[in-house]
């Protein structure tokens with residue numbers, strides 16, 4: 001596939017706002033340009049439609065997520081909000097009991113002892 005093949009058509013509109021992938025970023029998104037980075041994730045722009053995506057670096061010990069981003073301003077905050085929503089949905093929502101983190105009064109996620117914020121802080125993504 002040539003570089004021009006990547007710029008004539010894209011599939012961005014057919015993907016959900018958060019999805020799981022598995023593999024190196026360059027292999028999964030060859031038609032994209034990196035426009036930012038934040039530690040273990042990169043901000044990519046589709047060459048065809050200019051859609052922005054936050055993509056985790058591949059790690060065999062972690063779930064690798066791709067998050068559709070509306071714009072470059074505050075993309076890190078928006079990305080985290082979307083990731084936490086994905087985490088909560090993947091766990092089936094909240095329980096009636098509180099998070100076991102010291103002094104936390106938020107409801108814990110199903111199948112976890114922690115609320116979404118504290119579970120996310122441990123590195124959980126799904």
Go through (1) without any contact (Cβ under 8 Å) to a residue 60 or more places away in the chain; (2) under 27 Å from residue 9 (Cα atoms); (3) touching a strand residue (DSSP E or B) at 6+ places or on another chain (Cβ under 8 Å) one by one and return the number of the condition residue 107 breaks. (2)
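Inside the range 12-126, counting only helices (runs of 4 or more DSSP H) that do not spill past its ends, which hold 1 or more residues that are modelled with pLDDT under 90 and surrounded by 12 or more Cβ atoms within 10 Å (Cβ to Cβ)? Give the derivation first.
Numbers: elements: 25-28, 75-90, 116-121.
So the answer is 75-90.
The values are calculated or read from the model by the stated rules, or taken from the named source; none is laboratory data. Quick caveat, the model's predicted, so the values are computed rather than measured. Note that each Cβ is placed from the backbone with ideal geometry, even for glycine, and that neighbours are counted across all protein chains shown.
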